[in-house]
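The values are calculated or read from the model by the stated rules, or taken from the named source; none is laboratory data. As the structure is a computational prediction, the values presented were derived from the model and not from experiment. Using ideal geometry, Cβ is built from the backbone for each residue, glycine included, and neighbour counts are taken over all protein chains shown.
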Amino acid sequence: MCTGFGCGYKATAVYGGRSGSKDRIELKHPPAILVGTPGRVADHIERAIFDITAIKTLILDEFDKSLEVGFEEDMKFIIENLTAVTKKILTSATQKVKIPPLKH
C-alpha cells in the first residue's frame with residue numbers, strides 16, 4: 001500500500017519543447033509510468049529509445065483534443081506499434097465524443 005508522496009514507481013514525462021537527449025538519458029532506466037505528448041512518444045517508439053514489448057496498458061488522455069490539434073497519425077502509430085497492449089483507456093472531458101477507429 002502506498003503512503004505519503006511516494007509509491008516506488010518511476011514516472012517519466014516526455015514532451016515537445018524539452019530536450020530529446022534528456023528524455024533518452026531518463027529512458028535508459030525504463031519507468032513504470034510514461035507520460036507524454038503523442039508526437040514525442042511516437043518519436044521515441046520510432047527511434048526504439050525504450051522497449052515497448054512489455055507495455056500492457058495505454059491511456060490516451062484528452063484524446064479528442066489531441067485529434068483536434070493534429071495528433072491522429074501519431075496516435076495511430078503508437079497504437080499500431082504497441083502490440084502487447086491488452087487495455088486501452090481513452091479519456092475526454094467532452095461529452096458524447098466520437099471515437100475514431102484507432103485500433104491495430
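Of the residues making up the range 1-17, those that are over 20 Å from ILE59 (Cβ atoms) and modelled with pLDDT of 90 or more number 1. Taken over the range 53-80, the criterion of being surrounded by 16 or more Cβ atoms within 10 Å (Cβ to Cβ) and either modelled with pLDDT under 90 or among the polar types (S, T, N, Q) (or both) is satisfied by LEU60, PHE63, ASP64, SER66, LEU67. Checked against the criterion of being at pLDDT below 90, assigned to a loop (DSSP other than H, G, I, E, B) and of a type in the set (Lys, Arg), the range 24-47 has no qualifying residue. Applying the set (1) part of a loop (DSSP other than H, G, I, E, B); (2) at pLDDT below 90 to PHE50 leaves exactly one unmet item: (2). Among the residues of the range 40-99, those identified as on the phi < 0 side of the Ramachandran plot and among the acidic types (Asp, Glu) are ASP43, GLU46, ASP51, ASP61, ASP64, GLU68, GLU72, GLU73, ASP74, GLU80.
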